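The structure under discussion appears below in the form of structure tokens.
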Amino acid sequence: TLFSNKKKKRKKICYIFFIVVNEFCERFSYYGMRAVLVLYFRYFLLWDDDLATSIYHAFVALCYLTPILGAIIADSWLGKFKTIIYLSIVYAIGQVTMAISTIHDITDANRDGTPDNFTFHIALSMLGLILIALGTGGIKPCVAAFGGDQFQEHQSRQLNTFFSVFYLCINAGSLLSTLITPLKSVASTLMVFIAGSGMYVKTDPEGNIMWSVCKCIGFAIKNRFRHRSSSYPKREHWMDWANEKYDKLLIAQIKMVLKVLFLYIPLPMFWTLFDQKGSRWTLQATTMSGDFVSILISTVNPILILTLVPIMDRLIFPLIQKCGLNFSPLKRMTVGMLFAAMAFVSAALVQIEIDKTLPNFPSSSESQLKVVNTYSTTLNVTISPNEHLLIESFGSSADYVTFDHQDITVSLNTNPVITKAFSLIKGGRQTLIIPSDPTVMYLKEDVKSKPREGKNAIRFVNGYTADLNITNLDSIEPSATTNYTLVNQGKRDFVLRHGEQWCEFSRKFGFGASYTFLIPSTVFSDDCESITEVEDMKPNSVHMALQIPQYFLITTGEVMFSVTGLQFSYSQAPKNMKSVLQAGWLCTNAVGNIIVLIVAELGKLPKQWAEYLLFASLLVAVSIIFSIMAYFYTYIDPAEIEAQVRKEQGLEPEEMEKETLEMEEKDEDQKNEQGVKQTKI
Ligand SMILES: NCC(=O)N[C@@H](CCC(N)=O)C(=O)O
């Protein structure tokens with residue numbers, strides 16, 4: 001017995017291996033593609049930030065809505081195994097379609113590096129994304145439930161360990177996806193999964209279960225309405241109104257599922273906060289200094305998951321249990337929500353620090369102006385009605401001057417006095433450039449927010465007497481100013497050229513600054529030494545390391561909330577509705593993403609820190625509601641309830657046999673465990 005049990009255990013570890021590796025590969029592919037999706041939208045399809053972000057969140061939401069479809073197909077028709085296989089093929093076709101949509105050569109007839117027919121690329125990429133969403137969403141609830149199916153009812157400890165390992169694999173896949181291309185992994189997902197085919201415990205689909213569930217609920221509601229008069233005796237549960245027509249077992253199973261789904265109502269709020277990691281927190285990082293922005297954003301969450309899941313599972317939870325505290329799944333989920341709320345408080349505190357260092361940007365009714373003087377002498381600049389600025393040659397005004405009106409008149413104390421009227425941009429920042437010929441002074445629009453991804457925005461004013469060529473920029477005419485170009489942090493070299501003459505100048509950049517470089521007429525004679533720099537926007541000074549606590553808190557919250565939720569959804573579902581409940585669980589994520597979309601559309605509170613605190617307070621309120629709901633929830637053993645109902649109905653011999661077999665196996669396992677313990681002693 002000992003030998004055969006060991007063999008059985010090894011076999012189980014082996015096929016669980018195939019399932020978790022399958023999840024690893026699938027997540028690897030999904031996250032690998034997701035990581036570059038916004039960049040593809042921005043720089044290939046040339047969409048603006050808002051559209052790119054909205055379509056990105058819509059895609060993520062769709063990926064977490066399609067599990068309903070996958071669950072229906074699996075539980076009612078194909079079974080989990082075949083659903084995973086077929087939808088993986090859909091997934092692979094989606095990835096290939098997506099890959100083809102990125103080949104600009106297909107429509108780039110004139111070979112200028114940009115596609116000629118954007119509609120074709122957009123249509124193809126949208127088709128690819130829909131197929132990927134169908135694939136990933138469809139197989140996700142089935143893989144989790146299918147993994148759970150490999151365990152028997154008495155193996156709840158092993159089942160919990162499985163879900164923890166399953167979650168580790170999700171995050172290992174997401175971590176590695178940043179390093180290797182996603183396409184290869186789709187094929188390997190399928191191959192790995194099929195390789196284990198002969199070993200799995202495959203539960204058969206039990207007819208069109210979702211349709212039966214809907215009909216049964218519909219009948220209960222109709223029947224209840226028909227018997228609304230007080231002369232009819234009340235029933236214990238509203239679903240009992242289906243008793244006349246439907247099987248007691250089905251009614252009992254629906255009651256179990258509805259009870260859990262009801263509990264899920266407040267959960268999307270957790271994901272609303274969680275998914276802002278990729279939007280608001282990323283934007284926050286661009287206003288901070290530190291050179292690990294992209295690494296931090298894409299890897300800190302999976303790295304923390306890989307560290308925290310084992311610590312929680314092996315250390316924290318057993319320790320809490322040893323202290324005699326009952327840290328039930330629903331309590332863990334509530335604490336997880338509170339951790340996420342704390343993460344947002346931490347984000348708010350960081351934001352307050354950042355705000356102290358941010359420039360004072362104009363409001364939508366204000367205009368801001370700075371003056372740059374490339375004239376040969378110091379100038380006295382008067383801006384009507386009462387702004388007087390003294391600006392040295394090749395210097396600038398100390399800071400931006402804010403106006404609550406747009407029409408201004410500028411006078412220079414030249415001989416004769418030069419006066420010119422300008423109309424400023426409402427809500428904008430501009431620089432008045434005074435060239436070597438002040439009569440042609442002009443306005444140039446400035447950046448009015450921190451450059452994205454911690455980059456630096458730079459531009460040049462040509463005070464030289466002829467056209468100049470600067471590395472990577474178009475030629476600049478005398479007195480003209482270039483548009484901004486973005487440069488990365490670190491040392492950058494620029495070569496200035498006019499005919500045979502040239503000189504080189506270097507500059508070390510921090511993060512998120514903006515500069516205007518003033519090139520004097522003496523630039524070649526003094527080897528670029530006389531180029532002066534005007535700081536339009538200071539570099540970021542709050543270090544990105546300050547974001548680590550918020551990432552740590554939200555990931556701790558995720559481990560408590562998400563891993564537990566996954567286990568809970570499986571353990572509380574009746575056997576024939578495991579995938580449906582997994583899908584319900586994943587839908588909470590979809591709704592969370594939709595809320596993020598709505599919030600992004602509605603706009604922000606004037607102060608970002610206030611928005612973070614608002615979200616934290618909302619989640620605390622929701623977690624209080626959830627804890628009250630959880631207090632009234634009684635944990636069930638679906639198998640026990642099903643067995644009881646069956647018993648009440650009179651068991652069929654086949655099922656009795658199956659159950660006796662399971663009982664025998666359970667006994668064997670227990671005896672074996674005792675045997676092993678005795679041998680150890
Ligand atoms: N760390 C991110 C992560 O693990 N995400 C999960 C989401 C799980 C869920 N219930 O939504 C993933 O499967 O990608």
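No lab work stands behind these numbers, since they all come straight from the coordinates. Just so it is clear, the model here is predicted, and its values are computed rather than measured. In this analysis, Cβ positions are derived from the backbone assuming ideal geometry, glycine residues included, and neighbour counts consider all displayed protein chains.
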Handout entry: residue 536 long-range amide H proximity, modeled H, under 5 Å
Key = 514, 515, 516
Problem - Charge dipole magnitude, Cβ of K and R +1, D and E -1 - the range 65-128, Cα centre, debye nearest 20 - result: 380 debye
Handout entry: Efficiency of FRET from Cβ geometry, residue 610 and residue 247, R₀ 60 Å, rounded to 0.05
Key = 0.65
Problem - Selected from 122, 510, 645, residue furthest toward positive end of dipole (the chain; charges at beta carbon) - result: 645
Fill in the blank from the handout: Restricting to Cα pairs under 8 Å and 6 or more apart, the percent relative contact order of the chain works out to 19 percent
Fill in the blank from the handout: Magnitude of the Cβ-charge dipole (Lys and Arg +1, Asp and Glu -1) of the chain about the Cα centre, nearest 20 debye, reported as 2680 debye
Practice task
Would you mind computing, in nm to one decimal, how far apart the modelled labels at residue 54 and residue 221 are, each placed 7 Å from Cα along Cα→Cβ?
Solution key: 3.2 nm
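Taking the Cα centre of the range 231-339 as origin, sum charge times position over the Cβ atoms of Lys and Arg (+1) and Asp and Glu (-1), and report the length of that vector in debye to the nearest 20. List each step's numbers first, then the result.
Numbers: 12 positive and 7 negative charges, 68 e Å.
My answer is approximately 320 debye.
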Handout entry: Exposure proxy order (Cβ contacts within 10 Å, fewest to most) of 356, 370, 331
Key = 356, 331, 370
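Looking at the square roots a ≥ b ≥ c of the eigenvalues of the Cα gyration tensor of the range 66-105, which shape do they give, rounded for a/c under 1.5, prolate if a/b is larger than b/c, or oblate?
Cα axes put the range 66-105 in the prolate bin.
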Handout entry: At most 16 other Cβ within 10 Å, DSSP loop - GluC sites (Glu not before Pro), the range 416-504
Key = 500
Completion exercise
Final fewest-first order of 432, 250, 581 on the 10 Å Cβ neighbour count is 250, 432, 581
Exercise for the section: Report the relative contact order of the range 512-604, percent, no decimals, based on alpha-carbon pairs under 8 angstrom and at least 6 residues apart. Expected result: 18 percent
Exercise for the section: As a check on your grasp of the helix formula, calculate [θ] at 222 nm for the chain: sum -39500 (n - 2.57) over DSSP H runs of n ≥ 4, divide by the residue count, round to the nearest 500. Expected result: -18000 deg cm²/dmol
Fill in the blank from the handout: Proxy exposure order for 366, 23 (fewest C-beta within 10 Å first) is 366, 23
Completion exercise
Placing +1 on each Lys and Arg Cβ and -1 on each Asp and Glu Cβ in the chain, then taking the dipole about the Cα centre, the residue among 359, 573, 89 whose Cα reaches farthest towards the positive end is 573
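Among all helices in the chain defined by DSSP H, which have a length of 18 Å or more along the axis from Cα atoms plus a Kyte-Doolittle mean of at least -1.0?
Membrane-span-like by this criterion, though nothing is claimed about a membrane: 2-43, 49-65, 79-101, 118-149, 156-176, 183-195, 209-226, 248-264, 293-311, 329-357, 578-602, 608-631.
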Exercise for the section: Could you tell me which of 521, 210, 428 has its Cα farthest along the dipole of the chain towards the positive end, charges placed at Cβ (Lys, Arg +1; Asp, Glu -1), taken about the Cα centre? Expected result: 210
Exercise for the section: State, as an integer percentage, the relative contact order of the range 458-554 based on alpha-carbon contacts under 8 Å between residues 6 or more apart. Expected result: 25 percent
Completion exercise
the chain -> Rg/Rh from Cα coords, Kirkwood Rh, value 1.09
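Could you tell me which of rounded, prolate or oblate describes the range 438-481, using a ≥ b ≥ c as the square roots of the eigenvalues of the alpha-carbon gyration tensor, with rounded for a/c under 1.5 and, failing that, prolate when a/b is larger than b/c and oblate otherwise?
On the way: a/c = 4.01, a/b = 1.48, b/c = 2.70.
It is oblate, given that a/c is not under 1.5 and a/b is not larger than b/c.
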Exercise for the section: Please work out the C-alpha center-to-center distance from the range 115-139 to the range 451-477 and express it in whole Å. Expected result: 38 Å
Exercise for the section: Taking only the C-alpha atoms, wrap a convex hull around the range 31-190 and report its volume per residue in Å³ as a whole number. Expected result: 118 Å³
Handout entry: Inter-label distance, nm, simple model (7 Å from Cα along the C-beta direction), residue 99/residue 506
Key = 4.2 nm
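Which percent, nearest 5, of DSSP beta bridges in the chain are antiparallel?
75 percent
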Exercise for the section: Give the long-range amide H neighbours of residue 366: residues separated by 5 or more places, or on another chain, with amide H under 5 Å away, using H modelled in the peptide plane at 1.01 Å from N. Expected result: 427
